[in-house]
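Asks: Can you keep this structure in mind? I'll have questions shortly.
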Amino acid sequence: MSSQGSYQISTIASNIDKEINRLKAQVDLFWDKEFKRYVEFGLEDGMKIAELGSGPGFVTENLLKTLPNIHITALEIDSILVEYAAQYLKENQFDRYEIVQGSIMTTGFPDNSFDFAITRLVLEHLPDPVGAVREICRIIKPGGKAIFVDNDFEMHIMTFPSFGSLRELYEAYCQSRSQEGGNPKIGRELPLILKRGGLSNIDFEVISAHSEVVGDEKFFKSEGIGIPSKLVRDGFLPSKVLADISVQWRNVVKSEDHAILRQLYMAVGEKMSVGEV
Ligand SMILES: C[S@@+](CC[C@H](N)C(=O)[O-])C[C@H]1O[C@@H](n2cnc3c(N)ncnc32)[C@H](O)[C@@H]1O
């Protein structure tokens, strides 16, 4: 098991640029609904926000665009993504943010520094998610909230008409990520992980994207062939299963009454003041 966890941009898929594009599409797929939940869970303009595992900076970008008076500290471990995000956000002429290279496990930020923390699609890749929550609990202010967004690959993309080889793909993905120390079925465990990490007043929500609402294109872009091809190359997925998925996927799209559905799992918790704990 790797102590680095199960997401390295340079090895998780067959091509880094395409993987970055897929991350962008994955933000676009859920953004409208996701942002509404962030606000319901306590995000407000003017806040000092920590974004942990910020990757290429697409969530950072959307937050900066939507909330004109926030300040974001984006923490990311991977130098390739730190560089990409720095360039990307600079080209878009944003200010009110800083990007720091470092680990969510030991951020180095002072105690009680942030009003709000967002950790999106990161806990599922970490060998010690409770340790990460504990660190985030340390750096947010008393009364501050932390949101965590993850997958649960027991219930990932579902289609109508449905086909079995998609499940084989997700089981192969789960095996591969688990071997690297991740937990791709973490979604259902989030409330307890937050509690064990020291947060209180936990809430939990599943949000979904549906092809009839957001269109097919966003799903095509947010899936892609990069990770499945890598699973074949690494021996987790037989190539004939991937070939079948391509055929079945085309059949789904050809079907007049087709549906494509995907969920994200969100949990929020609050840091209590010392007297309240
Ligand atoms: C699936 S990507 C999600 C990126 C971004 N949050 C988003 O939603 O588009 C996971 C990110 O977590 C980062 N990451 C993984 N382990 C980390 C750690 N220990 N500390 C900080 N970031 C980490 C990865 O490098 C990657 O950028």
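The values are calculated or read from the model by the stated rules, or taken from the named source; none is laboratory data. Small disclaimer: the values here were computed from a predicted structure and weren't measured. Methodologically, a virtual Cβ is constructed for each residue, glycine included, from the backbone with ideal geometry; neighbour enumeration extends over all protein chains shown. Just so you know, the surface numbers come from the protein's heavy atoms only, side chains and all, with ligands and any DNA or RNA stripped out. Shrake-Rupley method; radii C 1.70, N 1.55, O 1.52, S 1.80 Å.
Asks: State all residues of segment 96-107 that are more than 8 Å from the ligand (Cβ to nearest atom) and open to solvent by less than 70 Å² (accessible area, probe 1.4 Å); if no residue qualifies, say none. If you could, list the steps in order and put the result at the bottom.
Replies: Taking segment 96-107 first, the residues more than 8 Å from the ligand (Cβ to nearest atom) are 96-101, 106-107.
Once the filter is applied, which keeps residues that are more than 8 Å from the ligand (Cβ to nearest atom) and open to solvent by less than 70 Å² (accessible area, probe 1.4 Å), segment 96-107 yields R96, Y97, I99, V100, T107.
Asks: Look through A50, A85 and report the one residue that is touching a residue at least 24 places away in the same chain (Cβ under 8 Å), buried (at least 19 other Cβ atoms within 10 Å of the Cβ), outside any strand (DSSP E or B) and within 12 Å of the ligand (Cβ to nearest atom).
Replies: Working: A50 fails: outside any strand (DSSP E or B).
It is A85.
Asks: Could I ask something else about it? Step by step: first the residues of segment 1-11, then only those that are open to solvent by less than 50 Å² (accessible area, probe 1.4 Å) and more than 13 Å from the chain's Cα centre (by Cα), then the one that is farthest from the ligand (Cβ to nearest atom). Which residue is that? Explain how you work it out, then say what you get.
Replies: Within segment 1-11, the subset open to solvent by less than 50 Å² (accessible area, probe 1.4 Å) is 2, 5-6, 8-9.
Keeping just the survivors that are more than 13 Å from the chain's Cα centre (by Cα) gives 2, 5, 8-9.
On the way: S2: 11, G5: 5, Q8: 7, I9: 6 Å.
Only one residue tops the list, namely S2.
Asks: Looking at (1) within 21 Å of the chain's Cα centre (by Cα); (2) surrounded by fewer than 19 Cβ atoms within 10 Å (Cβ to Cβ); (3) not in a strand (DSSP E or B), which is the one condition that is false for L261?
Replies: (3)
Asks: Please work out which residue is nearest to the ligand (Cβ to nearest atom), limiting yourself to segment 12-47 and to residues that are modelled with pLDDT under 90 and touching an Asp or Glu at 6+ places or on another chain (Cβ under 9 Å).
Replies: In the first step, residues of segment 12-47 are kept if they are modelled with pLDDT under 90; the result is 12-15.
Then drop every residue that is not touching an Asp or Glu at 6+ places or on another chain (Cβ under 9 Å), which leaves 12-13.
Details: I12: 8, A13: 11 Å.
So the residue we want is I12.
Asks: Go through segment 218-244 and give me each residue that's more than 20 Å from R262 (Cα to Cα) and surrounded by fewer than 16 Cβ atoms within 10 Å (Cβ to Cβ). Working first, answer last.
Replies: Going through segment 218-244, the residues more than 20 Å from R262 (Cα to Cα) turn out to be 229-241, 243-244.
Hits for segment 218-244 are R233, D234, G235, P238, S239, K240, A243.
Asks: Quick check on segment 56-72. Is at least one of its residues part of a loop (DSSP other than H, G, I, E, B), near the ligand (Cβ under 10 Å from one of its atoms) and touching a residue at least 40 places away in the same chain (Cβ under 8 Å)? Walk me through it before giving the result.
Replies: Quick first cut of segment 56-72, residues part of a loop (DSSP other than H, G, I, E, B) only: 56-57, 67-70.
Those left that are additionally near the ligand (Cβ under 10 Å from one of its atoms): 56-57.
Then keep just the ones that are touching a residue at least 40 places away in the same chain (Cβ under 8 Å); that gives 57.
Within segment 56-72, one or more residues are part of a loop (DSSP other than H, G, I, E, B), near the ligand (Cβ under 10 Å from one of its atoms) and touching a residue at least 40 places away in the same chain (Cβ under 8 Å).
Asks: Additional query: Among the numbered criteria (1) more than 12 Å from the ligand (Cβ to nearest atom); (2) open to solvent by 40 Å² or more (accessible area, probe 1.4 Å); (3) in contact with a Ser or Thr (Cβ under 9 Å, 6 or more places away or on another chain), which single criterion is violated by N92?
Replies: Failed condition: (3).
Asks: Please specify each residue of segment 114-137 satisfying the condition of being among the acidic types (D, E) and open to solvent by 10 Å² or more (accessible area, probe 1.4 Å).
Replies: Of segment 114-137, the ones among the acidic types (D, E) are 115, 124, 128, 135.
Answer for segment 114-137, where residues must be among the acidic types (D, E) and open to solvent by 10 Å² or more (accessible area, probe 1.4 Å): D115, D128, E135.
Let's see how each residue does on (1) more than 12 Å from the ligand (Cβ to nearest atom); (2) of a type in the set (K, R); (3) free of Cβ contacts under 8 Å to residues at least 60 places away in the same chain:
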site	(1), (2), (3)
F116	yes, no, no
R120	no, yes, no
L123	no, no, no
V130	yes, no, no
G143	yes, no, no
I157	yes, no, no
R177	no, yes, no
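Asks: Which residues, counting only those in segment 138-168, are at negative phi, open to solvent by 10 Å² or more (accessible area, probe 1.4 Å) and over 19 Å from the mean Cα position of the chain (by Cα)?
Replies: Correct list: R138, K141, P142, T159, F160, P161, S162, F163, G164, L166, R167, E168.
Asks: Let me ask you something else. Could you grab the pairs with beta carbons closer than 9 Å, sequence gap of 6+ or different chains, first residue in segment 7-18 and touching a residue at least 24 places away in the same chain (Cβ under 8 Å) and part of a loop (DSSP other than H, G, I, E, B), second one of a type in the set (K, R) and within 11 Å of the ligand (Cβ to nearest atom)?
Replies: Pairs found: Y7/R177; I12/R177; A13/R22.
Asks: Separate question: May I ask you to list the residues in segment 68-77 that are touching a helix residue (DSSP H, G or I) at 6+ places or on another chain (Cβ under 9 Å) and either open to solvent by 30 Å² or more (accessible area, probe 1.4 Å) or more than 22 Å from G46 (Cα to Cα) (or both)?
Replies: E76, the sole residue that qualifies.
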